[in-house]
1. Could I have the simple spin-label model distance between LYS171 and GLU92, label points 7 Å from Cα toward Cβ, reported in nm to one decimal?
2. First measure r as the distance between the Cβ atoms of ALA6 and GLU50, then evaluate 1/(1 + (r/R0)^6) with R0 = 22 Å and state the FRET efficiency to the nearest 0.05.
3. Between LEU146 and ARG34, what length comes free when the chain is fully extended (0.36 nm per residue of separation minus the Cα-Cα distance, one decimal in nm)?
4. Roll a 1.4 angstrom probe over the protein heavy atoms and tell me the percent of accessible area of the chain that is carbon or sulfur.
5. Of MET162, MET129, which has the most accessible area and how do the rest follow, probe 1.4 Å?
6. Using DSSP to call loops (not H, G, I, E or B), can you name the GluC sites (Glu not before Pro) in the range 110-140 whose Cβ has at most 12 other Cβ atoms within 10 angstrom?
7. Can you pull the one-decimal nm distance between simple spin-label points at GLU27 and LYS185, each 7 Å off the Cα toward Cβ?
8. Put +1 on the Cβ of every Lys and Arg and -1 on every Asp and Glu Cβ in the chain; which of GLN148, GLY81, SER180 then has its Cα farthest towards the positive end of the dipole?
Amino acid sequence: MPDTAAFRFIIADDHPLFRGALKQTLETQYPNARIDEAGALEDVTGKLEEGGDVDLILLDLTMPGMRGFSGLMYLRAQYSGVPVVIVSANEEAQAIRRCIEFGASGFIPKSHGIEVIREAIAAVMEGNMWTPPEVDLGADDGSADLVQRLATLTPQQVRVLMMLSEGLLNKQIAYELSVSEATVKAHVSAILQKLGVESRTQAVIAASKIEAGQWQMGGEGEDQAASAT
């Protein structure tokens, strides 16, 4: 039997009650393991930066700091050695496929019972991938090339694209990331090249096709982005 005291988990969800229930499940399954909780993406990255090995992140798709699949993309790019399992109320087959395409080690619908959740976590901890067996992941909606392009973005480029989707200007992004405007412009140029588009607005629209609209910004943001291109 493995030494469960050596395991470390991060439960990332902005609902304390669900975090508590999931923590209790993990405590029963892996006694004496270290279990950290996070209510926002920045809390997750903060705990990862503390150092030490993390065996698994259980990540909700909708919490502060997340836009669609961007949080998953960022974590997989920045901390590629840490497995991430999505635990979400979104049970659409397309969302599950996207998560796996962006590097998740599994997808657990929140509607599933405790025993299924335990089974899924155990499978991932053994090095396997787990998705709901009733969901067909083989369908292709014709966007595989764009998904692959998005997956090539660096962590900082993912963050820039997230901010572009919010309609932020270069100087605003530079302030948020504590970098120069020239650095932001370089990131934007790299994003456009990797996605095969010609403008900031087109980059956001391309991402929105993958994110089921969650990257889409309002008209004012599009006008700002277009004027800053």
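1. Distance between label points: 3.8 nm.
2. On the way: r = 16 Å, r/R0 = 0.74.
So, using R0 = 22 Å, E works out to roughly 0.85.
3. Details: separation 112, 0.36 × 112 = 40.32 nm, distance 3.76 nm.
Full extension from LEU146 to ARG34 adds 36.6 nm.
4. Details: 5200 of 10760 Å².
In the chain, the share of accessible area belonging to carbon and sulfur is 48 percent.
5. Values: MET162 25, MET129 115 Å².
My answer, sorted largest first, is MET129, MET162.
6. On the way: sites: GLU115, GLU119, GLU126, GLU134; in loops: GLU126, GLU134.
Answer by residue number: GLU126, GLU134.
7. Label at GLU27, label at LYS185, 5.5 nm between them.
8. SER180
The values are calculated or read from the model by the stated rules, or taken from the named source; none is laboratory data. Since this is a predicted model, take the numbers as computed values, not measurements. When we count neighbours, we look across all protein chains shown, and the Cβ atoms used for this are built from the backbone with ideal geometry, even at glycine. Just the protein is used for accessible areas: all its heavy atoms, side chains included, with ligands, DNA and RNA removed. Shrake-Rupley method; radii C 1.70, N 1.55, O 1.52, S 1.80 Å.
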